[in-house]
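Here's the structure, in structure tokens; my notes come after.
The values are calculated or read from the model by the stated rules, or taken from the named source; none is laboratory data. Only a predicted model underlies this, so the values are computations on that prediction, with no experimental measurement involved. Note that we place each Cβ from the backbone using ideal geometry, even for glycine, and neighbour counts take in every protein chain shown. Remember, those area values only see protein heavy atoms, side chains included, never the ligands or the DNA or RNA. Shrake-Rupley method; radii C 1.70, N 1.55, O 1.52, S 1.80 Å.
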Amino acid sequence: MTKARLLRLSVVLVSIFMILLIIVYWDNVGTAHFYLHTSFSRPHSPGAIPGITAGEDWEALPDVDEFLAKLLSSNLKQNNSSPRKTEQVLVQGSSKPAVSNLEENVRGYDWSTHNDRNSLDQEKLQIERQRTLREFCANSSFTFPTKERSFDDIPNYELNHLIVDDRHGIIYCYVPKVACTNWKRVMIVLSESLLDQGVPYRNPLDIPREHVHNTSTHLTFNKFWRRYGKFSRHLMKIKLKKYTKFLFVRDPFVRLISAFRSKFELENEEFYRRFAIPMLKLYSNHTNLPTSVSEAFGAGLKVTFSDFIQYLLDPRTEKMAPFNEHWRQVYRLCHPCQIDYDFIGKLETLDEDAAYLLQLLKVDRLLRFPPSYRNRTASSWEDNWFAKIPLAWRQQLYKLYEADFVLFGYPKPENLLKD
């Protein structure tokens with residue numbers, strides 16, 4: 001009887017072990033096949049890198065996490081000891097792409113060279129940005145919705161902006177209207193998640209825009225449940241601990257202006273039907289609106305910036321559905337008080353930040369970050385755009401986006417919030 005029980009127990013244990021192995025190796029770019037080789041200014045011992053190192057404290061992890069962490073660490077050592085596949089080095093002088101997308105065609109790329117004219121001390125800058133974020137996340141007197149919840153409390157569908165590159169051990173949280181199209185292109189090149197005639201893309205700008213924003217192109221955290229089931233959160237936590245995590249942010253009000261210009265000043269059929277028609281009916285008292293955006297533009301029927309602000313402030317808006325990602329707050333997209341980001345970039349210093357980040361990731365010889373748009377929305381435009389917006393609305397709007405201003409070190413726009 002005892003032998004039979006022992007036999008059954010051993011079968012169960014072996015089955016559990018095999019299931020875990022299958023989970024880990026399920027993807028051909030699975031967790032066990034990444035290369036961690038970055039160093040950041042986050043506090044750690046000299047010469048150490050973020051991630052799993054000998055003697056690291058894993059006591060805080062649950063048993064399953066601990067087992068998977070050890071398993072992944074052993075595979076990491078095997079990967080590092082074996083010869084790595086040769087990666088293609090950046091080819092100088094790649095041709096400029098033919099721009100077919102309307103927005104990119106209107107705005108154009110800035111192909112001028114950018115020297116280190118600002119001589120930013122990037123390491124100190126990162127320390128300051130991370131210090132500001134952590135201080136306000138820890139400050140109990142500074143509150144905003146969802147601040148106090150844990151990572152486990154975040155619904156799965158709210159993790160859809162965290163893109164994972166298992167090949168290089170990188171997690172990128174994309175924020176629309178903050179160079180996310182080009183950062184997604186970079187992630188596609190690094191992860192080799194998209195092929196062109198059977199060959200991975202090497203130049204980010206060769207990737208068509210429609211593929212860049214196709215959700216099936218990227219591995220994101222919200223897809224983990226389908227792949228890993230009940231182990232998905234455990235694997236997310238291990239990746240968050242081991243991988244390099246970054247995001248790029250922007251002055252919140254300037255981001256709103258950029259979103260308005262992109263989605264409502266250019267002909268966009270989807271945004272016209274989903275957002276412009278309701279705005280025009282609710283805030284401009286229009287009825288019998290054209291069904292197509294081209295007809296509406298031809299008749300001079302366009303959403304105004306004032307309509308857009310009213311829509312954001314209207315309490316009915318989010319009762320119907322959460323903010324669209326293009327104007328949803330960064331703290332709701334990227335959960336900066338629940339995820340400890342290693343690098344915080346800003347659009348205002350995009351060229352310097354991008355170059356520094358690619359160096360830290362040791363991928364700067366594989367690709368360059370694509371050039372900026374020539375006609376990028378600038379912070380100096382704020383006064384003009386908000387000139388006709390009532391003061392009370394501006395003050396309400398600031399409260400709505402205050403967390404993004406404070407967490408990422410953007411000064412309060414006093415000139416817009418006072419008479």
10 Å beta-carbon shell around residue 221, net charge (K/R +1, D/E -1):
+2
Starting from the Cα-Cα distance between residue 8 and residue 299, subtract it from 0.36 nm times their residue separation and give me the gain in nm to one decimal.
97.2 nm
Any of 241/319; 230/412; 223/346; 346/418; 230/263 with alpha carbons more than 32 Å apart? Name them for me.
241/319; 230/412; 230/263
Sort the range 297-369 into rounded, prolate or oblate with this rule: let a ≥ b ≥ c be the square roots of the eigenvalues of the Cα gyration tensor; rounded if a/c is under 1.5, and if a/c is not under 1.5, prolate when a/b is larger than b/c, oblate otherwise.
oblate
Binning every alpha carbon pair distance of the range 297-338 at 10 Å from zero, what are the percents per bin?
23, 41, 27, 7, 2
For residue 165, tell me the accessible area in Å² from a 1.4 Å probe, rounded to the nearest 10.
0
Extension gain residue 215-residue 141, at 0.36 nm per residue separation less the Cα-Cα distance, in nm?
22.9 nm
List every residue whose amide H lies under 5 Å from the amide H of residue 168, counting only residues 5 or more places away in sequence or on a different chain, with H placed 1.01 Å from N in the peptide plane.
35
J(HN,Hα) series, the range 287-298, from Karplus relation 6.51 cos²θ - 1.76 cosθ + 1.60, nearest Hz, glycine and proline x
10, 6, 6, x, 7, 10, 5, 5, 5, 4, 5, x
Mind checking the dipole of the range 210-256: about its Cα centre, +1 per Lys or Arg Cβ, -1 per Asp or Glu Cβ, Debye to the nearest 20?
440
What's the local net charge at residue 272, with K and R +1, D and E -1, over the other residues with C-beta under 10 Å away?
0
Given charges of +1 on the Cβ of Lys and Arg and -1 on the Cβ of Asp and Glu, with all other atoms neutral, how large is the dipole of the range 276-344 about its Cα centre, in debye to the nearest 20?
280
I need the calculated FRET efficiency for the pair residue 395 and residue 225, taking r as the beta carbon distance and R₀ as 35 Å, to the nearest 0.05.
0.30
Taking the Cβ-Cβ separation of residue 362 and residue 321 as r and a Förster radius of 41 Å, what is the calculated FRET efficiency to the nearest 0.05?
0.50
Tell me the net charge near residue 401. Cut-off is 12 Å between Cβ atoms, residue 401 excluded, with +1 for each Lys or Arg and -1 for each Asp or Glu.
+4
Please report the spacing between the Cα centers of the range 177-229 and the range 282-322 in Å, no decimals.
32
If each residue of separation counts as 0.36 nm, what is the full-extension length gain between residue 328 and residue 340 once their alpha-carbon separation is subtracted?
2.3 nm
